[in-house]
Amino acid sequence: MTAQIIDGKAIAQEVRAEWKVRADALKARGITPGMAVIIVGEDAASKVYVANKVKACAELGLHSEHIVMPSDTPEAALLAKISALNNDPKIHGILVQLPLPKHLNAHKVIEAINPDKDVDGFHQKNVGALVTGETPFPSCTPFGVMVLLEKTGIAIEGKHAVIVGRSNIVGKPMALLLLHKNATVTICTSKTIDLAKHTRDADILVAAVGKANFITGGMVKPGAAVIDVGINRNAEGKLVGDVDFASVKEVAGYITPVPGGVGPMTITMLVANTVKAAERLSGFNK
Ligand code: GUN
C-alpha cells in the first residue's frame, strides 16, 4: 500500500480563504485584526517560524507587529512589552515565540498575556477551557491537525488515536481535541516501554516527539493516518519530520509530508485565532 499524501499547503490555502472572508467582514466595519509576535533572542528556527507567521498575516490583510528583543532582555522589560500590547486596541492577538532564553520564566510570561488575546491558547485560563471543551483559542498546531483530518475526511469518532509526545504545545492539547471528537486517546512519550505496541494499534498516529525519523514503518498499523508534527534537521541539514516518510508511506493509509504538511496549518490556525480574537474583542462574535 502507498499512503495518500495529505497536502497541508493546499488545505491551508483553502482554510485561509475561509478566514479571509471573516477578516474582511471585520475590516468592512473598520476593525483590522492585528497580531503581535514577540521573539526574544536568536534561535534560528524560531526566526523562520516567526517570519512565516508575520507573512501569513500580511497575506490576509491583517495588521501585524514583529517585535524582536535581544537574548539578554530582562524579564521586566518583556512583561512591560506584553502589558503595552494588552492595552493596545490595534492588537487582538499576542504570541510570544517559545522557547524563551533560559533566564526567562515562560510560565510567568504566558500568564501575563491577556487571555482574550492569547491566540496560542497557552494561558491557563484557555488551557482550562480546552479541558472543558470551551476554549476560543485551541493551540494552533493541534487545531491545524484537527482541520487536516476533517478536511481529508478521516473519521475520528470511535477511532484509536495515539499521540507520541506530551508537550503543552502539541501532545496534551492534541489529546483533548481528539477526545472531544470521541476518539479513544493514548498519549505516549519517547520513553514509553514497548512504544511500537501502542503505535501499531493506532488508527490515527500523531508524532510530536522532536526526534528525526523516529516512527518507522514497522511501528504503524496498515491503513493508519499518520500525522507528522516534527520539524528536525537530519545529518545532511535537510528538514525531516518525526516520521520516517519512506518506510511509513508504504504502510499507512494517509501521511503528512515535512515540509508541507502540518506546518502551513499551524500558521493558518494562528491567523484564524487572531481573526476570532478580533471578533470577540470588538463584539462582532460569529
Ligand atoms: N514554538 C513552537 N511552536 C510554537 C507555537 O505554536 N507557539 C509559540 N508561541 N511558540 C512555539
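The values are calculated or read from the model by the stated rules, or taken from the named source; none is laboratory data. Fair warning: this is a prediction, and the values are worked out from it, not measured in the lab. Backbone-built Cβ (ideal geometry, glycine too); neighbour counts: all protein chains shown. Ligands, DNA and RNA are excluded from the accessible area calculation, which covers all protein heavy atoms including side chains. Shrake-Rupley method; radii C 1.70, N 1.55, O 1.52, S 1.80 Å.
See the values below:
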| item | result |
| --- | --- |
| Accessible surface of the chain [probe 1.4 Å, protein heavy atoms]: carbon and sulfur percent | 55 percent |
| Rg ratio (alpha-carbon, reference 2.2 N^0.38 Å) - the chain | 0.99 |
| Amide H within-cut-off set for His160, under 5 Å, with H built and near neighbours excluded | Thr184, Asp203, Ile204 |
| The chain: most fluctuating residue of Ala161, Ala175, Ala84 per GNM, C-alpha cutoff 10 Å | Ala84 |
| 0 to 90° range, to nearest 10: angle between helix 171-180 axis and the chain longest Cα axis | 80 degrees |
| Global geometry of region 1-90, whether rounded, prolate or oblate, following the gyration tensor of its Cα atoms and the 1.5 cut on a/c | oblate |
| Using a Förster distance of 22 Å, the FRET efficiency for Asn52-Ala17 (Cβ separation, nearest 0.05) | 0.75 |
| Label-point separation, Lys9 to Glu150 (7 Å along Cα→Cβ), nm | 2.5 nm |
| Rounded to 10°, Cα long-axis angle of helix 140-152 versus longest principal axis of the chain | 50 degrees |
| Subset of Lys55/Lys276; Lys9/Lys81; Lys117/Lys211; Lys47/Lys90; Lys117/Lys181 violating a 30 Å alpha-carbon distance limit | Lys9/Lys81; Lys117/Lys211 |
| Eligible aspartates and glutamates near Lys151 by straight Cα distance, threshold 20 Å, same-chain separation 8 or greater | Asp7, Glu14, Glu18, Asp203, Asp228 |
| With Cα atoms, 0 to 90° folded angle of helix 262-282 axis to the chain main axis | 40 degrees |
| Surface per residue (accessible, 1.4 Å probe) for the chain, Å² | 44 Å² |
| Hits among aspartates and glutamates - C-alpha to C-alpha of Lys20 under 12 Å, sequence gap 8 or more where chains match | Glu59 |
| 5 angstrom amide H check on Ile6, placed H, neighbours 5+ away | Ile255, Thr256 |
| Aspartates and glutamates whose Cα lies under 18 Å from that of Lys125, excluding same-chain neighbours fewer than 8 positions away | Glu111, Asp116, Glu134 |
| Choice from Lys181, Lys238, Lys172 showing the highest fluctuation, given a GNM over the chain with Cα pairs closer than 10 Å | Lys238 |
